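Written below as structure tokens is the structure these notes are about.
The values are calculated or read from the model by the stated rules, or taken from the named source; none is laboratory data. Here the structure is a predicted model, which is why all the values come from computation and not from measurement. All Cβ positions, even for glycine, are placed from backbone atoms using ideal geometry, and neighbour counts span all protein chains on display. All accessible areas refer to the heavy atoms of the entire protein, side chains included, with ligands and DNA or RNA removed. Shrake-Rupley method; radii C 1.70, N 1.55, O 1.52, S 1.80 Å.
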Amino acid sequence: MIIVTASDNNFVPGLFVFIFSAWVHNRGAKFLVIDAGIEPATVIELRRFCERNGIDCQLVQADGKRISDLPTRGKLLTTAAYARILIPEILPDCDKAIYMDADTLVVSDLSDLWSADLGDNLVAGVIDGFVEQEELDDVGMSRNEYINSGVLTMNLAAWRSEGIADRIFAKVRETAHSRYLDQTALNTVVRGRVLILDREWNFFSDRYVQIERRLPKVIHYAGSAKPWRYKRVPFADVFNFYRTMSGLNIPAGTMVLKSARRRKMILGLIGLRRKYWSSALATYYYRRRFTKPHLRSLNKMFSKVPLPRQCSTAAP
């Protein structure tokens, strides 16, 4: 199993916890980190962390010439987003790879994701479901075919033989006005050749109320609400457990998201408004069915097999 991610310095805390969580549940996996702007000291630190834990992890430099001139969107959509498109070239001898964003958290065995039969499909991914209609209209796509690019199983052999990377980069330049840039370009190019995966493989943490109730296998902290920056982010307690167990000195989130929202929730519950009760019931469901059982099982796992003592920091 080959698991690939990419990061610049903005996602370093998430990157460390992602690798740790994926390794905990997939000890035989080989990891590849595409460095798209990580500070040299942090690269050394990541290598040491992986060596101490016996994690098979390789770091490679992204080809800046291929992606440096592509459009970006602030800190959340930097040139690091384009690094995934280069995976078939970085792994010329591999026919398949799992790609995951550095703001995801793996909470299960990924064997089923790895063994997905792609056939003639270029990728396997999860329907996004929350992209603005204007974005879909611009590329002539329907909501039930547009996937989120944060978790993908990629048919590397087909990408190479059909020049998919170059076609995606050309599409990005052509549609530079689009909000989601690489994701929309990827969807446009691979359209019709996508194996649709179930929601649990790319479970949006901030959309847990709106999406169908599925116990997550991969939690995706998409958007600006990163658990290493903010407290009270949905499923932050799961992230923080892995953060603590990693032994790294990664600080917990300290900023507060929309305090007014919390007041609205309390008033909505008192007023018996359906919208707020749906949110409260979803929160209760996931705490009871997923969070508490998952953290209990992790406690049991780590008590039996203690991790090597850590002594480094992963703060950006």
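Structure above, values below:
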item	result
The range 150-218: C-alpha pair distances exceeding 18 Å, %	51 percent
Mean accessible surface per residue for the chain, computed with a 1.4 Å probe while every protein chain stays in place, in Å²	46 Å²
Mean separation of Cα contacts under 8 Å, 6 or more apart, over the residue count of the chain: relative contact order %	20 percent
The range 48-145: GluC sites (Glu not before Pro) falling in loop per DSSP and having at most 15 other Cβ within 10 Å	132, 145
Within the range 163-220, GluC sites (Glu not before Pro) in DSSP loop having at most 16 other beta-carbon neighbours inside 10 Å	212
Among 301, 100, 255, residue whose mean-square fluctuation peaks in a GNM of the chain (springs only between Cα atoms under 10 Å)	301
Surface share of carbon and sulfur [accessible, 1.4 angstrom probe, percent] for the chain	51 percent
Trypsin sites (Lys or Arg not before Pro) within the range 101-206, DSSP loop, no more than 14 other Cβ atoms inside 10 Å	143, 179
Point-to-point label distance, residue 162-residue 132, nm (Cα→Cβ direction, 7 Å offset)	3.0 nm
DSSP bridge orientation in the chain - percent antiparallel, rounded to nearest 5	35 percent
Two-site label geometry, residue 72 and residue 44: point separation in nm, points 7 Å out along Cα→Cβ	2.5 nm
Highest-fluctuation residue, 115, 205, 21 considered, GNM on the chain with Cα pairs under 10 Å	115
